Amino acid sequence: MTMQKELMHFDDIVFIDALFPFHVLLDKNLRVQSLGRSLKRIYPVDIGNDFFDYFEIERPFNVDGYQKFLNNTGALFLINCTEKEGFQIRGQMFPESNSGRICFLGSPLINKLSDLKENNITFNDFAVHDSITHFLFSMQMHETSLRDAQHIGEKLKEKNERLNKINVALDSFVYKVSHDLKVPAVNLSSMIYMFLDIAPVDDNPMVKEVAQRMSKAVDRLNEIINDFLDLSRLEKVNIVELTQFKPKDIVEDVVETLEIQVREASATLNINLEVDDFVFNKANFKSILQNLISNAVKYRDAEKDCIVDVSMVSEEDYIVLKVQDNGMGMDLDRYGKKLFQMFSRLYQGEEVEGTGVGLYMVKKIIENGGGTISVDSKVGVGTTFTVRLPGQLKIGMGA
């Protein structure tokens with residue numbers, strides 16, 4: 001408040017009321033002479049009665065008489081309305097020089113928007129110039145934003161719950177369909193081999209060619225079904241089911257599984273493991289290794305001897321697994337973004353077999369386990385996949 005006390009005159013009550021709708025005008029005996037229009041509506045006071053019959057001064061302390069009012073001119077007053085619990089007004093006292101009257105000029109103390117409703121106050125009760133109106137508008141905007149954010153959050157939560165239910169249903173559907181298809185697909189494959197054994201294919205090369213094509217198609221169908229089953233199992237795996245195992249044992253198991261593929265490619269596998277024991281999901285770790293090594297052999301360069309280097313070292317609380325080959329390589333600028341997408345194949349046709357699911361599963365397993373995977377590749381030189389996995393581990397001298 002910047003008005004000087006010697007300039008204050010309270011004869012024009014209408015003017016004062018327009019500027020300060022919560023004012024209280026007192027005479028020298030501290031009897032109420034008039035109330036602001038807004039205060040009168042919210043907290044009616046009998047004109048002529050003593051100020052302290054309706055109000056209690058909380059701040060400043062010990063202001064209980066006319067002279068103390070004068071001594072605290074310009075101080076900030078916090079006044080309780082004793083007959084309306086929780087309703088406070090704050091402002092300053094200004095004396096009128098020629099009459100000795102004192103006028104309290106202020107407005108209600110508002111801490112939150114609900115205070116308005118509780119005290120039957122509206123925005124129209126405040127003077128336009130009152131700084132509290134800006135504060136109240138800001139609070140209203142803030143509370144509106146909070147309500148909107150809460151509403152959006154609840155809607156997103158509902159949609160997320162529905163999506164989770166749909167995903168669970170889809171996973172169950174994929175598993176059931178894949179499982180139901182596997183048996184007839186295997187039977188069909190067996191029947192084709194039986195046909196090749198008993199049919200006079202030597203007399204009719206076309207029959208043999210058609211049967212072999214059918215056999216390849218069924219083998220591919222089996223591969224797709226198996227990939228779907230693996231995907232479905234992956235969704236059901238609890239990543240906290242960790243066990244301690246020796247990476248060397250898993251690598252030997254993977255090499256044995258891929259023995260035919262490695263032998264047919266005349267591939268050389270160089271294994272260098274500097275971790276004796278590792279804590280991770282054992283089945284998932286095997287899946288990572290098997291997919292990366294299989295791809296390294298699969299995407300070999302026909303004009304070079306196939307060499308695959310598998311290494312595993314420790315870096316603080318992580319292990320770093322690398323699978324490096326000298327195969328065909330790939331153009332990462334062109335194919336990098338879709339490398340880990342489901343059903344994405346960089347090489348189409350029969351040149352390289354595959355369903356485009358393996359790397360998608362590998363990336364999902366690694367990220368579910370809190371790790372990362374990166375790739376470095378150059379056409380005609382080869383490819384290196386680098387996997388970082390968190391876990392408890394023990395360092396050894398090699399494997």
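The values are calculated or read from the model by the stated rules, or taken from the named source; none is laboratory data. Bear in mind that the values here come from a model prediction, so they are computed numbers and not experimental data. FYI the Cβ positions are ideal-geometry reconstructions off the backbone, even for glycines, and counts take in every protein chain you see.
Quick check on Arg101: is it of a type outside the set (S, T, N, Q) and under 48 Å from the mean Cα position of the chain (by Cα)? Working first, answer last.
On the way: of a type outside the set (S, T, N, Q): yes; under 48 Å from the mean Cα position of the chain (by Cα): no.
It is false that Arg101 is of a type outside the set (S, T, N, Q) and under 48 Å from the mean Cα position of the chain (by Cα).
In this structure, is Val254 modelled with pLDDT of 90 or more, in the same structural domain as Met361 (by TED's automatic domain parsing), under 34 Å from the mean Cα position of the chain (by Cα) and surrounded by 19 or more Cβ atoms within 10 Å (Cβ to Cβ)?
Working: modelled with pLDDT of 90 or more: yes; in the same structural domain as Met361 (by TED's automatic domain parsing): yes; under 34 Å from the mean Cα position of the chain (by Cα): no; surrounded by 19 or more Cβ atoms within 10 Å (Cβ to Cβ): yes.
In short, no.
Please determine whether any residue of the range 297-308 is at pLDDT 90 or above, among the β-branched types (Val, Ile, Thr) and closer than 23 Å to Val218 by Cα.
Checked against the condition, which is being at pLDDT 90 or above, among the β-branched types (Val, Ile, Thr) and closer than 23 Å to Val218 by Cα, the range 297-308 yields at least one hit.
Can you find a residue that is part of a strand (DSSP E or B), at pLDDT below 90 and buried (at least 17 other Cβ atoms within 10 Å of the Cβ) anywhere in the range 35-51? If you could, list the steps in order and put the result at the bottom.
Here is the first cut: in the range 35-51, the ones part of a strand (DSSP E or B) are 35, 50.
The next check asks that each one be at pLDDT below 90; those that pass are 35.
From the residues that got through so far, the ones that are buried (at least 17 other Cβ atoms within 10 Å of the Cβ) too are 35.
Yes, the conditions are met somewhere in the range 35-51.
When you go through (1) without any contact (Cβ under 8 Å) to a residue 12 or more places away in the chain; (2) of a type in the set (Phe, Trp, Tyr); (3) within 19 Å of Asn119 (Cα to Cα) one by one for Tyr43, which number turns out not to apply?
Here Tyr43 clears every test but (1).
I'd like to verify a number: residues in the range 278-293 that are farther than 22 Å from Asn326 by Cα and either modelled with pLDDT under 85 or not polar (S, T, N, Q) (or both), how many?
Adding up the residues that qualify gives 8.
Can you find even one residue in the range 86-101 that is closer than 30 Å to Leu146 by Cβ, assigned to a loop (DSSP other than H, G, I, E, B) and at pLDDT 85 or above?
yes
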